[in-house]
1. Sorting A:L319, B:L149, A:L381 on the 10 Å Cβ count, fewest up front, what's the list?
2. Round to a whole angstrom and tell me the spacing of the C-alpha centers of segment A:298-357 and segment A:94-136.
3. Quick one: compute a quarter of the convex hull surface over the Cα atoms of chain A and quote it in nm².
4. Taking only complete DSSP H runs, can you tell me which helices of chain A stretch 27 Å or more along their own long axis by Cα positions and average at least -0.5 on the Kyte-Doolittle scale?
5. Dipole of segment B:4-193 (Lys/Arg Cβ +1, Asp/Glu Cβ -1, origin at the Cα centre): which of B:I73, B:G183, B:Y193 lies farthest to the positive side?
6. According to a simple spin-label model (label point 7 Å from Cα along Cα-to-Cβ), what is the distance in nm between A:W234 and B:E46?
7. If I take R0 = 30 Å and measure r between the Cβ atoms of A:R270 and A:D380 in this structure, what FRET efficiency does the formula 1/(1 + (r/R0)^6) give, to the nearest 0.05?
8. Tabulate in residue order the Karplus-calculated ³J(HN,Hα) for segment A:172-182, using 6.51 cos²θ - 1.76 cosθ + 1.60 with θ = phi - 60°, rounded to whole Hz; enter x for Gly and Pro.
Amino acid sequence: MARAFGGIAAVVFIALLVWTLYAGFVSSDRVVPTDGVIGGGAPDPVAENAADYATLMERAQLQRWRGETGPSPEGEQTALENGEQPAGQAPEERVQLWLSRTEAQSDLLQSRRFVEGQTALPGEVLGVFSQPQGRVWRAFRNNWVVFGGGVYIFGISALLALFLAWRGRVEVEEGFSGESVLRFNVFERANHWMTAVSFVLLALTGVVILYGRDLIRPWLGPQTFADLASGSAWLHMMLILPFTIGLFVMLLAWVAQNLPKRVDWEWLKRGGGMGSEESLNPPAPKFNAGQKIVFWAVILGGSVLVASGLNLMFPFLLLGYSGMEISQTVHVITGLLMIGLIIGHIYIGTIGMEGAFDAMWSGRVDRNWAKEHHSLWFDDLLAKGKLRSHAHASTETRKTG
Amino acid sequence: MARMKFLCDAERCIECNACSVACKNEHEVPWGMVRRRVLTVNDGEEGQERSLSIACMHCTDAPCIAVCPVECIYQNDYGIVLHDKDLCIGCGYCFYACPFGAPQFPQQSNFGSRGKMDKCTFCAGGPEEPGSEAELRKYGRNRIAEGKLPLCAEMCSTRSLLAGDGDQLSEIYRERVQRRGYGSGAWGWETAYYGPRTGS
């Protein structure tokens, strides 16, 4: 059952992956004139007819004469060489035409560079004349980040689905004993779920900002999507509080149990025993090496997200243009990496492994689950007398394929 | 078809700030926001000092439009870059992408939103009925619809700041350079209008 589900999901995710790659290769983010908000109401022509156009041209010519004597009003009028192009061009052609003036105007062009000057206005950034790296940031975000992120998330999901199809659910070999032991107390669980809910909402609202324009806006229309995006931005900022508190409490509560030990290396070398149903699970304390990796990735990744996010909440307070652009890039890349990691974490905590979800939901895990997955912790519990040394009498052996 | 551009003749700008004041007054731009500003580069260096007036340059392949998460910014057939304030969520991305620091926000900090972005409209208003109260309130005066060019350029006392069709402006500028024998080029044009194609 789980395997079939994994197989179907794998096909879906691989299709999405291929679609993302295809879109990444064929799409162009070159901006073309649209004469109005895309998908919005009527076009917004500013001066549409030939007369309006001629007036504007004439006024531009008026700017020529100042500092020298202008032409006599009675004199011969200069004919306007406006070089009008036929109307009704395709937007792409129009952009091509604009760009095609490069050669003709190359004598006027300077080298593209960062130019900073001085101004009486408050705020350091207003003294910057030009920062051409803004275009670099835009190109990186709109191409590598957007499509790389899509490939990464669908790729992780596809790998997990393939793994599920190949390996199936990791089951409790000896079946459930019916005897349970406390793994996480109510305080740990409450904190975990506060952080988890914050993270999921942060991820979803972040995805609305990064991908909504291409994936959601066409369905909702400009105004409804703008409201959604606006709400998402608000929620995204507000959630920094529970998320940061959650991270901090998590660090205090679990750091001692998550320090790397020699046994973790052994565990990793044996792949955590996930490889096949036959291989035995390597010994692990309360947190195995996989969980320690998740713990540290969440603590470190979360800290990077909070730090870069705070920086984005106070733009230009500490950093200049490049700093803000790098901040945004670090924030979005870390966010995407964390989403992939958490997808894996959710997988193994729910569909991936039988009995694992209870650890964080009810807080109590089955005796046999503890024995199989965290043998060192199990031995410890036995030693401390929190579990009886022999299996419960009513052990039911339930084995399903 | 015209391609509207700004050109600031750095050899003529005397840093009088009339353009920014005219803009602020014409469009009743709120306190703390400047659609057009004047800055001085190489201040105090003999022979190198230049003053420049800068606002939105209405770029070709405009980066602000490309990064806007709600697609509220757009460009019209004249090349003028406009935006819809009803859709703007105030995320500030356009400011990171803009090569010229044109977008302005009512709020400095970003607690959910920096408010509705405001920027130079080339005196072309915005997506509202031209000349309407709503347009005036949100985007300022629509001079283009009246057949007039941006006020900053029209009232520049030395004709340093020029606005109009790009080809015409470059002709005017070339003529000047020829007469006086010097000129430092069209500041910002490379980045604004030919950024996507030349250099790297």
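1. Ascending Cβ contact count within 10 Å gives the list A:L319, A:L381, B:L149.
2. The distance from the Cα centre of segment A:298-357 to that of segment A:94-136 comes to 33 Å.
3. Convex hull of Cα atoms, orientation-averaged projection: 29.1 nm².
4. Span-like helices, by this rule, are A:2-26, A:146-167, A:186-215, A:289-313, A:321-349.
5. Of the options given, the answer is B:G183.
6. Between B:E46 and A:W234, the simple spin-label model gives 6.0 nm.
7. 0.90
8. 7, 3, 8, x, 6, 7, x, 9, 10, 9, 6
Values quoted throughout were computed directly from the atomic coordinates according to the rules given, and no laboratory measurement underlies them. What you see is a predicted model, and the numbers here were worked out from it, not measured in a lab. Glycine also receives a Cβ, built like all others from the backbone with ideal geometry; neighbour counts cover every protein chain displayed.
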